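Report on one structure; see the data block that follows.
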């Protein structure tokens, strides 16, 4: 079991009061928004009424989650300034999507509510069902570590050392998330994401200011030089991230996060028209970049602070280098915050981070539940589900997914590195999805068989997980060389695209005479 | 190493500046957007009352 970093904390009962007041207010908003829930369109995409500014807030409110902040801070802690490359390529990727409308504009023009809905339009119902299952399974598994991250954050920030107390708090939080998610649907998500974005963004910036003032810029730079050396600054350095990792990040953090990951794409579907979609991504590219860089810098500050603390350095560093213990290094940022943030501000930051935690959960819960209803259950039943049945089923699924997440994250002992787990579970979905979206939107000859092959190819991404490779004997000792995770993810992506092309050429759709132009829904371009 | 450090320094300052400006714009503008959003949803319901169900 990972040791708990216990350096004391500034978190007091006053800070707990701040946190509770915020959470209660958030639930009240969700309940209030319930009276606006009408049809499924309202429930899922806020009646397609999102304007650009609230659209940006809700997109970033979901994407700047506690897990992203925790993982990014850990990357800054363990990788130094070189980790900033992830944020840089993420921003460039979103900017490219905003300038070109790559995938998201043609997708919005078709008026679909989900990506699997596009699969049916383009490739048929069977592809939609298979794609929906893969998407939901990958997405729900991807969420499996979120509660664990929340527990580690709470432990570090509040000084809780009793594992049972943390588990109870996590259970209460998932109940709160389920409550306002089930009641309010997308509308309450939009409002709570807005509040969370405002609180978290100003909170993180203030934290960075206080960190630099407390530590000093020179001390921060010198610590990175001492601990990480050249790899702490150069992301292409072979002893650090390396070129293949940078390319993998350009794909996953860049293009995939902006144009293929469902929660971001759903926000595009919720935009008023395609002009708003492009504007959304242009402005959000700033957020896509800074959501990594700002918490990474806090992680670098945590490195500086804890390196000079005798108790922490004994646990976190060995021979002057960061230890290879994910559970321990994930604690670095919250423990650092607990020591430098004053009373009151630490409560606000804690509330903001927990709000980010909940907004991420409710957005993803809504996303995966809607996929299972709209793209699996309803198509399988021949489209005969009534509006009421779909909403009720979505709410039941949200509850069941929440139960699974609670069990999986709190009581199932995860042994994988958190980033590896997230990257692999996401790749199960996006390696196939990218091929279907690019092929389906931009290549008339993309066929159903090609789509099936590309979707199924995503399962190969599991080999990127070290325990899977070890279980199959694919270790450097046996092979004589190392298979890096980045190579597997990039290779699977390339293979999926290849299978889409080859499968489509060898097995073209017989009904190619069907209309290729899909009906443009009202309000697409004004 | 120094050239990389300089690059990341510039990027960091730019990130802080842009993020701060974005936060201010979204915070203020988002309030107006929320009000407009609820007006639009109400208008959609008024236009098609049969498409609205009572929430449980």
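The values are calculated or read from the model by the stated rules, or taken from the named source; none is laboratory data. It should be emphasised that the depicted structure is a prediction, and the values quoted were computed from it without experimental measurement. Note that each Cβ is placed from the backbone with ideal geometry, even for glycine, and that neighbours are counted across all protein chains shown.
Table for the structure above
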item	result
Residue selected from the stretch A:309-342 under the condition part of a loop (DSSP other than H, G, I, E, B) and within 17 Å of residue A:205 (Cα to Cα), by the criterion nearest to the chain's Cα centre (by Cα)	A:341
The stretch A:271-284, residues that are crowded, with 24+ Cβ neighbours inside 10 Å, within 12 Å of chain B (Cβ to nearest Cβ) and part of a helix (DSSP H, G or I)	A:280, A:284
Any hit, the stretch A:113-134, residues being more than 28 Å from residue A:462 (Cβ to Cβ) and either away from every other protein chain (no Cβ under 14 Å) or free of Cβ contacts under 8 Å to residues at least 12 places away in the same chain (or both)	yes
Matching residues, the stretch A:309-333, being touching a strand residue (DSSP E or B) at 6+ places or on another chain (Cβ under 8 Å) and either within 14 Å of chain B (Cβ to nearest Cβ) or in contact (Cβ under 8 Å) with a residue 24 or more places away in the chain (or both)	A:316, A:329
Residue A:409, sole failed condition from (1) modelled with pLDDT of 85 or more; (2) surrounded by 15 or more Cβ atoms within 10 Å (Cβ to Cβ)	(1)
Filter result for residue A:306 (more than 24 Å from residue A:193 (Cα to Cα), touching a strand residue (DSSP E or B) at 6+ places or on another chain (Cβ under 9 Å), buried (at least 21 other Cβ atoms within 10 Å of the Cβ) and modelled with pLDDT of 85 or more)	yes
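Every residue, every condition in (1) within 16 Å of residue A:337 (Cα to Cα); (2) in contact with a strand residue (DSSP E or B) (Cβ under 8 Å, 6 or more places away or on another chain); (3) facing chain B (nearest Cβ under 10 Å); (4) at pLDDT 90 or above, yes or no:
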residue	(1), (2), (3), (4)
A:192	no, no, no, no
A:196	no, no, no, no
A:200	yes, no, yes, no
A:208	yes, no, yes, yes
A:213	yes, no, no, yes
A:223	no, no, no, yes
A:234	no, no, yes, yes
A:240	no, no, no, no
